[in-house]
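Enquirer: For reference, the structure I am asking about is given below.
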Amino acid sequence: MDREGAVVAGLICLDIIPSLARGEDRAVLQPGHTMEVGPIAFYAGGAVANTGRALHRLGISTQLIARVGDDAVGDTIRALIGQEAAALAEGLMVVPGEPSPCTVVLSASGSDRSFITHPGTNHTFGPEHVPDDALRVARLFHFGYPPYMRRMYDDEGCALAELLRRARQRGAVVSLDLAYPDPAGRSGQADWRRILARALPYVNLFLPSADELLFMLRREIAPAEAISVATVSALADECLEMGAGLVALKVGGRGLYVRSGGSVSDAPSQPGWSHRELWAPCFRPLVLIGATGAGDTTIAGFLAAFLRGLALEEAMTMAVAVGACCVEAADALSGIRSWDETRARVRAGWPRSRWALDQTGWRWDEERALWIGPRDLAEPPERHS
């Protein structure tokens, strides 16, 4: 049976985003403080809405699987998803009596985001909510944000591992994205090293941020604006040792780092995807409006390129290109262009924010505009037309 497209499952929510000037997100949380802001926008957010709809916009046949409550928030989420394509909303299950998930996103221009979130129905999402029929026909199964889905991280991640195992068993390539746990909450107290050790043997493409992994695996290291190259590399190595086929770490404004082992997927091997170590710098956005959804849409660009059979270098380039398009708008989707439009923008000479990777053994590939690491063992594949 020929497989095609992607199933994107996991966390969904309603994002409430007030318009803030630089620094106003800090003032909002001052006790007793009232502040007038700009218009307040409502968007469907989370991995399912952001990565799933971006994949759809990039031309990938996509099915969304998530749960919402039977309340006004849930109705709004389904309506917003349906505006992109009516079929995308069909996989959103309505759960009577449970509150829908909702997040207030504080994203001032030029600064990183802060979140106030209620996970709602995401906490009760379990493996049984992903039907076998969906897994049997899709080439890719992508799951997002288990740190805000209680059943996925409780019991040392048994439910998460079971879901990913079943997806692999049904023949799908499996990709996994994370989210930053609440340090003071239940997700922040979970043993993420044990959870990942259970889950990663079933993951072909592991796509978290470096900050998330630093919290989960190296909590003794104080967070920093610029995580060292050595630390990024060590985090990826540990995930490969746990069983992941390929690790793609989002490193904020410094771009995307990829480290792969000997087997990326059980599907026909993608040429040039094994035994790689690469770092792709970001493209320069025309204007930086907000970072909401930048990581999710970067993943969408990477997965869309994977599903099209492109070389790893091109997949990384398209990943950071889609992410740069995203930050040119306040929400996760408005800045996303079609696959052809995004690729044309890249080929037209879109400038990149190249930064000095002053680490021994790394070299700059001028033709492909990325850094090649000292442990990159594969010969660069031919470029696709």
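The values are calculated or read from the model by the stated rules, or taken from the named source; none is laboratory data. This is a predicted model, so every value here is computed, not measured. FYI the Cβ positions are ideal-geometry reconstructions off the backbone, even for glycines, and counts take in every protein chain you see.
Enquirer: Considering G144, G185, G126, which residue is surrounded by fewer than 19 Cβ atoms within 10 Å (Cβ to Cβ) and in contact with a helix residue (DSSP H, G or I) (Cβ under 6 Å, 6 or more places away or on another chain)?
Expert: G126
Enquirer: Which one of the conditions (1) assigned to a loop (DSSP other than H, G, I, E, B); (2) at negative phi does E128 fail to meet, given that it meets all the rest?
Expert: Here E128 clears every test but (1).
Enquirer: So is A179 within 20 Å of the chain's Cα centre (by Cα), hydrophobic (A, V, I, L, M, F, W, C) and part of a loop (DSSP other than H, G, I, E, B) or not?
Expert: yes
Enquirer: Filter region 235-265 down to residues that are surrounded by fewer than 16 Cβ atoms within 10 Å (Cβ to Cβ) and at pLDDT below 95 and give me whichever is nearest to D376 (Cα to Cα). Spell out the reasoning first.
Expert: Applying the first criterion (surrounded by fewer than 16 Cβ atoms within 10 Å (Cβ to Cβ)) to region 235-265 yields 237, 241, 253, 262-263.
Going one step further and asking which of them are at pLDDT below 95, we end up with 253, 262-263.
Details: G253: 23, G262: 12, S263: 14 Å.
Out of the qualifying residues, it is G262.
Enquirer: Based on this model, can you work out whether E98 counts as surrounded by fewer than 22 Cβ atoms within 10 Å (Cβ to Cβ), modelled with pLDDT of 95 or more and either of a type in the set (A, V, I, L, M, F, W, C) or in a helix (DSSP H, G or I) (or both)?
Expert: Criteria not met by E98.
Enquirer: Of these, V346, V320, which one is among the β-branched types (V, I, T), in contact with a Leu (Cβ under 6 Å, 6 or more places away or on another chain) and in contact (Cβ under 8 Å) with a residue 60 or more places away in the chain?
Expert: V320
Enquirer: Quick check on region 138-158: of everything there that is of a type in the set (A, V, I, L, M) and not in a helix (DSSP H, G or I), which residue is farthest from F115 (Cα to Cα)?
Expert: Quick first cut of region 138-158, residues of a type in the set (A, V, I, L, M) only: 138, 140, 149, 152.
From the residues that got through so far, the ones that are not in a helix (DSSP H, G or I) too are 138, 140, 149.
Numbers: A138: 32, L140: 29, M149: 16 Å.
Checking each candidate, the answer is A138.
Enquirer: Can we say R168 is part of a helix (DSSP H, G or I), out of contact with any Lys or Arg (no Cβ under 6 Å at 6 or more places or on another chain) and over 21 Å from I299 (Cβ atoms)?
Expert: No, not satisfied.
Enquirer: Provide a single number: the residues in region 318-361 that are out of contact with any Cys (no Cβ under 7 Å at 6 or more places or on another chain), within 14 Å of R53 (Cα to Cα) and among the charged types (D, E, K, R).
Expert: 1
Enquirer: Something else about it: When you scan region 266-385 for strands (runs of 3 or more DSSP E) that lie fully inside it, which ones turn up with 1 or more residues that are touching a helix residue (DSSP H, G or I) at 6+ places or on another chain (Cβ under 9 Å), modelled with pLDDT of 95 or more and charged (D, E, K, R)?
Expert: Qualifying strands (runs of 3 or more DSSP E): 277-280.
Enquirer: Residues being under 28 Å from S263 (Cβ atoms), part of a helix (DSSP H, G or I) and out of contact with any Ser or Thr (no Cβ under 9 Å at 6 or more places or on another chain): count how many of those fall in region 182-214. Before the answer, list the steps.
Expert: Step one: filter region 182-214 for residues under 28 Å from S263 (Cβ atoms), giving 191-214.
Going one step further and asking which of them are part of a helix (DSSP H, G or I), we end up with 192-202, 210-214.
This time we only want the ones that are out of contact with any Ser or Thr (no Cβ under 9 Å at 6 or more places or on another chain), so: 192-202, 211-213.
Adding up the residues that qualify gives 14.
Enquirer: Now for a different question. Do you know which of the residues in region 35-84 that are outside any helix (DSSP H, G or I), over 21 Å from the mean Cα position of the chain (by Cα) and of a type in the set (G, A, S) is surrounded by the most Cβ atoms within 10 Å (Cβ to Cβ)?
Expert: G69
Enquirer: Is there a residue being part of a strand (DSSP E or B), surrounded by fewer than 21 Cβ atoms within 10 Å (Cβ to Cβ) and either on the phi > 0 side of the Ramachandran plot or at pLDDT 90 or above (or both) anywhere in region 105-116?
Expert: No, region 105-116 contains no residue that is part of a strand (DSSP E or B), surrounded by fewer than 21 Cβ atoms within 10 Å (Cβ to Cβ) and either on the phi > 0 side of the Ramachandran plot or at pLDDT 90 or above (or both).
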